[in-house]
1. Whole-Hz ³J(HN,Hα) for each residue in the range 59-64, computed from phi via Karplus 6.51 cos²θ - 1.76 cosθ + 1.60 with θ = phi - 60°, x for glycine and proline: what do you get?
2. At a 1.4 Å probe radius, which order do Met1, Met90 fall into by accessible area, largest first?
3. Over the chain, what lengths in whole Å, largest first, do the semi-axes of the equivalent ellipsoid take, defined as the square roots of 5 times the eigenvalues of the alpha-carbon gyration tensor?
4. Output wanted: per-residue J couplings in Hz (rounded whole) for the range 79-89, from phi through Karplus 6.51 cos²θ - 1.76 cosθ + 1.60, θ = phi - 60°, x for Gly and Pro.
5. With r as the distance between the Cβ atoms of Arg153 and Leu104 and R0 = 35 Å, compute the FRET efficiency 1/(1 + (r/R0)^6) and round to 0.05.
6. Please tell me the relative contact order of the chain in percent, rounded to the nearest whole number, where contacts are Cα pairs under 8 Å and at least six residues apart.
7. For the full complex of protein chains and a 1.4 angstrom probe, list Ile106, Ile80 by accessible area with the highest value first.
8. In straight Cα distance, which lysines are under 20 Å from Lys167, not counting same-chain residues fewer than 8 positions off?
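The values are calculated or read from the model by the stated rules, or taken from the named source; none is laboratory data. The structure displayed is predicted, hence computed values, not measured ones. Glycine gets a Cβ as well: all are built from the backbone with ideal geometry, and neighbour counts include every protein chain shown. Calculation scope for accessible area: heavy atoms of the full protein, side chains included, ligands and nucleic acids excluded. Shrake-Rupley method; radii C 1.70, N 1.55, O 1.52, S 1.80 Å.
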Amino acid sequence: MKHYGIFADFPSLRAFLETTLRNHLNSFSARSEKSRHYRFEHCQRVAQIGKEVALAANIDAELLELACLLHDYGKWDAVIAVDHGRKGAMLLQEILQSLSLDPLDINEICQGIAMHVDGSCNPTPESGEQLPHYANSPSLLAICVGQCDNIDRYSAYRLYDNLQYVKFGKLSATERQIFISNYLNQLANLAQENYATALLNTLWQRNLALYRTYFTQLAAELQANI
């Protein structure tokens, strides 16, 4: 980063933004404590991934770490879920400006957050909100935010969490096999995606391989129940 605004160093700035994120997520009292806790921990994991990716690719590690930490700030603020990155970027723009951070750093952080959901910097026509517009040629750092998010979305922890979410244990034997087959097809399609850095590609393929191995073995073990 160019400088840390009103803070003396990066750890102080990060600690403030971490607290800001936690407080904002916890302000949604209608959301369960479990979902709020998960969302905050997810942001922390993505921030760690971002730091590792940046250091391996000679990207500004502090900027990418902050963008990844804050990427889901607007998770529950948007009218339409797909716009939550853009809504979060809009809310964070004002916060980051109040901290006297460099405008170029703010723009890069917010652009990455804005586009992390669907790869588009700009809002959907259906959003009904005045959301920020960014240049159509995002930086490498901005592109990495959504890809770091995806690494955690296909992590070992999220595998467990996804099966709980779909109530896998309550599905019939046939429904389980259909679910697994569809998931394996989805993984095959995802494996064709090319990520922005060598480490991102390695992490992406590693996680997808873990999922393929798990679901292939699970299908075989459950075959006897059909």
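1. These are the phi-based 3J(HN,Hα) values: 9, 4, 5, 5, 5, 5 Hz.
2. From most exposed to least exposed: Met90, Met1.
3. 33, 19, 17
4. Along the range 79-89, the couplings run 5, 10, 4, 5, 8, 5, x, 5, 5, x, 4 Hz.
5. That pair, Leu104 with Arg153, gives E of 0.75.
6. About 18 percent, as a whole number.
7. Values: Ile106 5, Ile80 55 Å².
Correct descending sequence by accessible area is Ile80, Ile106.
8. The reachable lysines, counting only those whose Cα sits under 20 Å from Lys167, are Lys34.
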